[in-house]
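The values are calculated or read from the model by the stated rules, or taken from the named source; none is laboratory data. Treat the numbers as computed from the prediction; the structure is a model and nothing was measured. Reconstructed Cβ throughout: ideal geometry from the backbone, glycine too, with neighbour counts over all protein chains shown. Areas reflect the complete protein model, heavy atoms only, side chains present, ligands, DNA and RNA absent. Shrake-Rupley method; radii C 1.70, N 1.55, O 1.52, S 1.80 Å.
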Protein chains: 2
Amino acid sequence: MELEFINWLRERIGPHPSVVQGIGDDAAELTGLQPCLVVTTDMLMDGVDFQVGQVSPRRIGHKALAVNLSDIAAMGADPVAAFISLSIPQQGGGLLCREVYEGIFPLASRYGVAIAGGDTNSWSGPLVVNITIVGQKPQPGTWLRRSAKPGDWILATGEFGGSILNKHLDFEPRLDESRFLRNSFNIHAAIDVSDGLSLDLWRVLKESRVGATLYPERIPIAKDAMVCAATSGRSALDHALSDGEDFELIVTLPAEDAQQALRSWNLATRLTHIGEVVTEPGMHLVDSSGQQIPLQPKGYQHLFSAT
Amino acid sequence: MELEFINWLRERIGPHPSVVQGIGDDAAELTGLQPCLVVTTDMLMDGVDFQVGQVSPRRIGHKALAVNLSDIAAMGADPVAAFISLSIPQQGGGLLCREVYEGIFPLASRYGVAIAGGDTNSWSGPLVVNITIVGQKPQPGTWLRRSAKPGDWILATGEFGGSILNKHLDFEPRLDESRFLRNSFNIHAAIDVSDGLSLDLWRVLKESRVGATLYPERIPIAKDAMVCAATSGRSALDHALSDGEDFELIVTLPAEDAQQALRSWNLATRLTHIGEVVTEPGMHLVDSSGQQIPLQPKGYQHLFSAT
């Protein structure tokens, strides 16, 4: 069965210019990459990141690859190869496994990502998917969290909030948007919003030892944030600022670059000027009357108990 | 708690010449690597690869890194950076997590492996550890499974069988042995024995479209194989040929190189000539009287049911 699965996988995976040796040896060999490698890894688990039985395995596969591609986009990098580890429940595992891969293939193909290695296991526990992506970028030390500068404008792709209803499974990683910005503009800092707009922005600000003012009326609020607000007792803006798994990009860059980026932007995804980086640490919302309201970082925390 | 853990981790990890950006951003940046990258990933689960509560978390951490380093060794490569994903049971997770890392640190340090990234999660399921290693080698296309040639001698490091008693948790990846062989000899094919000597050798032979004869009296049998044989009803040789998780290297190379390697070998680990590659597919044991006994590949299979 294992050999049969690996044969199936090998047949489904085409050649890739960077992959000298792919699936079927002790490790993969990659050649011809740019001198700066970018590597990210994410583990997704049944009951935490998705619910087996409530969503199709293909959507699970899509999400597992997409969250990693989102990290690559947030580094201003291009993905090259993915390494996929699965722990599959014994009963029905063969089908589940192939269906997870069927969700991975189209997304990998769309962005030219080789599936170059992996580890497939069965066990008595729930489904676990770990993907590591090796990518490349022209220059190291760019698009980091620690490089936001006072005076930078803060731009965000897409819309925020209510991702739990659909988007957290079906979102498109912002690789095209990242490449557009990287190719023409001097991006200082960047992050992808995995745990919440206010929390992830705060991570950038903290690493950069700066603060930010945000314009609440400019925060792009997703329709699903409004749907959530209708029953949650929280405002749609609160959902937009603190719901996790939007997987949009936040970038900071000099004001002139930002203005030019907004003018030349020709992608379907929205690009919005949501605020500015300031010297004073902390975050504030500035409303239309000019009043500053302190904003606490809020979002999804990956907690475990200390003992 | 998450931030506290990441701060702890950052403090424990020193700088590394290849790591421009390590833990604490969306992804890691690596620079200055050789043009051939070698990447491997392995997922280990509680109840399958170790038993939480029966072994110390440090041994779990050691094993999780060591199985990956063994794959790197089997490619004739040098490890550079490790990416570590954990799914940790909620109760007591903070301590478990740190102890797993305490098992990883010394081994990483011994072989100069940077801990450059990871993903730490808590959940209600059992402990899962996934490690991906990025390594490098001077030349692609070497030390693969598909390159064994008729006439090659088959050499093996260490001893085989009975690993389940101890060695599967505490083994030393054969990186020094790999480097010694790589630096002086023309290794054709290589594999590390993760699922059983006969099964993993068969994988090499199958990929290379060749066969092998083995000398049963030369197979280096571990003391623990004899301990197992005392109660299992199987011979120690059978344990040596089919027990999994020895994590020794099998290499094939031209006879003259092999003789030279055996003569010049000065490492503490045993290096043994266990057989030869032949044109005719299949494996045979050749006993002292010259009689050929067919040998079926036997070892650990990562099975899941098909439906």
Pop the C-beta distance of A:Ser109 and A:Lys223 into the FRET formula with R0 = 45 Å and round what comes out to the nearest 0.05.
-> 0.95
Copy-to-copy spacing for B:Pro138, label 7 Å out on the Cα-to-C-beta vector, in nm, shortest first?
-> 3.4
Between B:Thr31 and B:Gln301, what length comes free when the chain is fully extended (0.36 nm per residue of separation minus the Cα-Cα distance, one decimal in nm)?
-> 93.4 nm
What gaps in nm, shortest first, separate A:Val55 from its twins in the other copies when you place the label 7 Å past Cα toward the beta carbon?
-> 3.3
Fraction of accessible area attributable to carbon and sulfur, the protein assembly as shown (%, probe 1.4 Å) | 50 percent
Surface per residue (accessible, 1.4 Å probe) for the protein assembly as shown, Å² = 38 Å²
At most 10 other Cβ within 10 Å, DSSP loop - chymotrypsin sites (Phe, Trp or Tyr not before Pro), region A:1-106 = none
Please give, to one decimal in nm, the separation of the simple spin-label points placed at A:Arg10 and A:Ser264, each 7 Å out from Cα toward the Cβ.
-> 4.6 nm
Within region A:79-104, the residues whose backbone N lies under 13 Å from a label point placed 7 Å from the Cα of B:Glu2 along the Cα-to-Cβ direction are none
Number of partner chain Cβ atoms within 10 Å, mean per residue of A:114-126 = 6
Taking alpha-carbon centroids only, region B:75-151 lies from region B:229-265 a number of Å equal to 25 Å
Using a 10 Å cut-off on Cβ to Cβ distances, tally the other chain neighbours for every residue of B:78-87 and report the average as a whole number.
-> 4
Approximate shape of chain A as ellipsoid semi-axes (Cα gyration tensor, √5λ), whole Å, largest first = 35, 23, 16
Say a label goes 7 Å from Cα toward Cβ at B:Pro35 in every copy; what distances in nm does this one have to the rest, shortest first?
-> 1.4
Any idea what % of Cα-Cα pairs in the protein assembly as shown are farther than 39 Å?
-> 31 percent
Exposed-loop-free span, longest in chain B, where trypsin sites (Lys or Arg not before Pro) count as exposed if DSSP calls them loop and at most 13 other C-beta atoms lie within 10 Å | B:1-208
Helix A:175-184 axis, angle to chain A major axis (alpha carbon atoms, nearest 10°) | 50 degrees
Relative contact order for region B:56-105: what is it in percent, counting Cα pairs under 8 Å that are at least 6 residues apart?
-> 71 percent
In nm, to one decimal, how far is the B:Asp176 label point from the A:Asn183 one, both placed 7 Å along Cα→Cβ?
-> 5.2 nm
Principal axis dimensions, region A:100-166 - Cα atoms, whole angstrom, descending | 53, 34, 25
What relative contact order, as a whole-number percentage, does chain A give when Cα pairs under 8 Å and 6 or more residues apart are counted?
-> 21 percent
Solvent-accessible area buried by A and B, counting both chains, probe 1.4 angstrom, square angstrom = 6000 Å²
